[in-house]
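What follows is one structure encoded as structure tokens, with my remarks underneath.
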Amino acid sequence: MSEQFEAPQTTSQVASSITNEVVIQMLDVNKWYGRFHVLKDINLTVMRGERIVVCGPSGSGKSTLIRCINRLEEHQEGDIIVDGVTLNDDIRNLDAIRQEVGMVFQSFNLFPHLTVLQNCTLAPIWVKKMPKGEAEEIAMKFLTRVRIPEQADKYPGQLSGGQQQRVAIARSLCMNPNVMLFDEPTSALDPEMISEVLDTMVDLAAEGMTMIVVTHEMGFANKVADRVIFMDRGEIVEQAPPQEFFNNPKSDRTKLFLSQILSH
Amino acid sequence: MAETTAHHIPKPDREPPGSYVGVRGWIMQNLLSSPLNVFMTLLGIVFLWYSVPPLLNWLIFNATISGDTRDNCIGTGGACWVFVKIRFNQFMYGFYPSEEQWRINLTFAVLFIGMLPLMFWDSKLFRGFRYKRELAVFLLFIFPFLAGFMFYGGVFGMPVVETSQWGGLFLTLIIAITGIVASLPLGVLLALGRRSNMPVIKMLCIGFIELVRAVPLITVLFMASVMIPLFLPEGVNFNKLVRALIAVALFSAAYSAETIRGGLQSIPKGQYEAAASMGLSYWKMMGLVVMPQALKAVIPGIVSGFIGLFKDTTLVLIIGLFDVLNIVRAASQDPKWFGLAVEGYAFTAILFFVFCFGMSQYSIFLEKKLHTGH
């Protein structure tokens, strides 16, 4: 028998932009912290344009999973291939991948000594060798897109949490990435500010960006995701399109998790 | 029940009570807030009453400055500034020939004027000045050599002035400025090296820092002056001043390194991760993201170290260099000015205070300028 969960309320579904082109491939990836086996035989293929939401209890390895994709964490076994480039000890491969993959962190990690605009132009100028004027033009374009162009000359410390996170998204977009990774982007925000960040992410999804989002915002998952992945103890326990995932979860572990986070 | 929505009108802001603001508020809160505080305030007034007037009498009101021998000062009960006045040139330049002293004045004037746009980069006067980067490169990498030629001479028809004739405040400033300017980049490199993942570099940096910090500066100077020549082959000889400069710079670098390492440890891991995730290389990450924040966080500690270094330059007397304190000491042993050491030392104290207090005030100014929080 299967228990029924009420799927989170949504206003409208964002149209899928999924393609047939593989952009990220993880093959039998294993990772340990010391003796602690944090990722176990992870196999994951992400298509260009696909939006994936990763959820699971804390300590399940979901953040570690996406942090392995741009090698903020090193995996010990298996292969990770991003846009045809294999992640290994070759620095050039790593540089290439990090320019392709943008990341948004739970704690924003804006550079507090630089203005919002300088935060956005730093990497384009110093990594992509873009002229300053062009970098600023692009930065303003993305700041406008996340709806805070008027804050460009302020310092991060003068902004609210939601504004800071939107700047962080704009900062990543300035590098023109093919893939965006979101590591619990709304977990450090006051409730009033969660929606402004989620709206920005929904806009981004609607434009066809490939996204992997670690989040507990099930409304967002239902609205945007092509696929929801549930992780527990370093394993991918279940993955399915959101309708199926929420309405008809297969494993009892998933059911327990959903009942805990959707019950109130 | 009928559904009504009440329109909420926010309360207007009120002024705080009078005892919290203005001069009266400040006095009530800071000087007279409790019986103990009242007592301490009275104690402070008594202390100032008994200490400040006699000090001012000695320093200014009863002091003598006219005349040119110590006989002019007899029986006044105040300081005899005649001594300082007559020996002032020596206190400033040491035994540097007076007809060549324009070289020192000119060089320091250039340095001082050149530093202004960099120190006060944000002021109205210098905001429009576009060549700050070029100016900084000039001051750091070209000016020191020009200054060396100016001071030592031997070029453009300027007679050679041996470093043994250098002295006074001139020598103190050379040692202090060289130590400060050289120790900061060295300290940065040592701090990064100590946190490096590469074991050889890490061990070398730890070894250097711990060795230097475990030895008094006097020992380092003594080693530089006396021991190093023993190890050098016959005929090879470094100038004594150059050896002292290197010793002071390396000594100070070890301390700066530890202060900077403290700053590096205060930078959250997320800053490194954000920089790395955007594809910044190690040096770009350190130079553009981490180090600016780390250095900003340790400005008080760094400047404190520089102030210490400035005062420690007086230790060069151990290797026979005549910095300002040593030359004052020597001058006060002159029988013509016997018994006036206090005036000499008071003058030196004021001189040191001006420079050290200046550095401290500039550090506060920098902290405020670089503050980007709420």
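One residue stands out in the stretch B:303-331 among those that are open to solvent by 20 Å² or more (accessible area, probe 1.4 Å), part of a helix (DSSP H, G or I) and among the hydrophobic types (A, V, I, L, M, F, W, C): the one that is nearest to B:PHE222 (Cα to Cα), namely B:ILE318.
If you check B:LEU221 against the conditions, is it aliphatic (A, V, I, L, M), within 28 Å of B:PRO292 (Cβ to Cβ) and open to solvent by less than 70 Å² (accessible area, probe 1.4 Å)?
In short, no.
Every listed requirement among (1) more than 13 Å from chain B (Cβ to nearest Cβ); (2) of a type in the set (Val, Ile, Thr); (3) open to solvent by 20 Å² or more (accessible area, probe 1.4 Å) is met by A:ILE148 save one, (3). Can A:SER107 be described as within 25 Å of A:THR86 (Cα to Cα), in contact (Cβ under 8 Å) with a residue 60 or more places away in the chain and hydroxyl-bearing (Ser, Thr, Tyr)? No; evaluated as a whole, the condition is false for this residue.
A:ILE169 passes every criterion in (1) among the β-branched types (Val, Ile, Thr); (2) more than 22 Å from A:ASN70 (Cβ to Cβ); (3) in a helix (DSSP H, G or I) apart from (2).
Put simply, of B:ASP13, B:ASP68 the only residue that is in a loop (DSSP other than H, G, I, E, B), closer than 30 Å to B:THR348 by Cβ and open to solvent by 80 Å² or more (accessible area, probe 1.4 Å) is B:ASP68.
Just one of the listed residues (B:PRO300, B:PRO292) is within 14 Å of another protein chain (Cβ to nearest Cβ), surrounded by fewer than 19 Cβ atoms within 10 Å (Cβ to Cβ), at pLDDT 90 or above and at negative phi, namely B:PRO292.
The residue that is surrounded by the fewest Cβ atoms within 10 Å (Cβ to Cβ), among those in the stretch B:23-65 that are farther than 17 Å from B:PHE347 by Cβ and among the small types (Gly, Ala, Ser), is B:SER34. Check whether at least one residue in the stretch B:342-358 is in contact with a Ser or Thr (Cβ under 7 Å, 6 or more places away or on another chain) and assigned by TED's automatic domain parsing to the domain that holds B:LEU169, and report yes or no. Looking through the stretch B:342-358, at least one residue is in contact with a Ser or Thr (Cβ under 7 Å, 6 or more places away or on another chain) and assigned by TED's automatic domain parsing to the domain that holds B:LEU169.
When the stretch A:73-109 is filtered for residues that are more than 12 Å from A:LEU181 (Cα to Cα), touching an Asp or Glu at 6+ places or on another chain (Cβ under 7 Å) and facing another protein chain (nearest Cβ under 10 Å), only A:ASN109 remains.
Going by the structure shown, is B:GLU15 without any contact (Cβ under 8 Å) to a residue 12 or more places away in the chain, within 18 Å of B:LEU169 (Cα to Cα) and not hydrophobic (A, V, I, L, M, F, W, C)? No; evaluated as a whole, the condition is false for this residue.
Which of the residues belonging to the stretch B:224-242 are open to solvent by 90 Å² or more (accessible area, probe 1.4 Å) and either in contact with a Gly (Cβ under 6 Å, 6 or more places away or on another chain) or not polar (S, T, N, Q) (or both)? Walk me through how you get there before you give the answer.
Going through the stretch B:224-242, the residues open to solvent by 90 Å² or more (accessible area, probe 1.4 Å) turn out to be B:230-231, B:234, B:237-238.
Residues satisfying the conditions are B:LEU230, B:PHE231, B:GLU234, B:PHE238.
Among the helices (runs of 4 or more DSSP H) confined to the stretch A:189-264, the ones with at least 2 residues that are aliphatic (A, V, I, L, M) are located at A:191-206, A:218-224, A:252-262.
Let's see how each residue does on (1) touching a helix residue (DSSP H, G or I) at 6+ places or on another chain (Cβ under 9 Å); (2) among the hydrophobic types (A, V, I, L, M, F, W, C):
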position	(1), (2)
A:ASP190	yes, no
A:GLY208	no, no
A:PRO242	yes, no
A:LEU256	no, yes
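Quick grid of which residues meet (1) crowded, with 18+ Cβ neighbours inside 10 Å; (2) hydrophobic (A, V, I, L, M, F, W, C); (3) on the phi < 0 side of the Ramachandran plot:
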site: A:GLU100; (1), (2), (3): yes, no, yes
site: A:GLN118; (1), (2), (3): yes, no, yes
site: A:ALA123; (1), (2), (3): yes, yes, yes
site: A:GLY133; (1), (2), (3): no, no, yes
site: A:GLU136; (1), (2), (3): yes, no, yes
site: A:LYS154; (1), (2), (3): no, no, yes
site: A:SER160; (1), (2), (3): no, no, yes
site: A:CYS174; (1), (2), (3): yes, yes, yes
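When the stretch A:110-128 is limited to residues that are over 24 Å from B:HIS371 (Cβ atoms) and assigned to a loop (DSSP other than H, G, I, E, B), the one that is nearest to the other protein chains (Cβ to nearest Cβ) turns out to be A:VAL127. With respect to being within 15 Å of A:ASN176 (Cα to Cα), part of a helix (DSSP H, G or I) and facing chain B (nearest Cβ under 8 Å), A:ALA135 falls outside the description.
The values are calculated or read from the model by the stated rules, or taken from the named source; none is laboratory data. Since the structure is predicted, the reported quantities are computational estimates derived from the model, not experimental observations. Note that we place each Cβ from the backbone using ideal geometry, even for glycine, and neighbour counts take in every protein chain shown. Note: areas computed on protein heavy atoms with side chains; ligands, DNA, RNA excluded. Shrake-Rupley method; radii C 1.70, N 1.55, O 1.52, S 1.80 Å.
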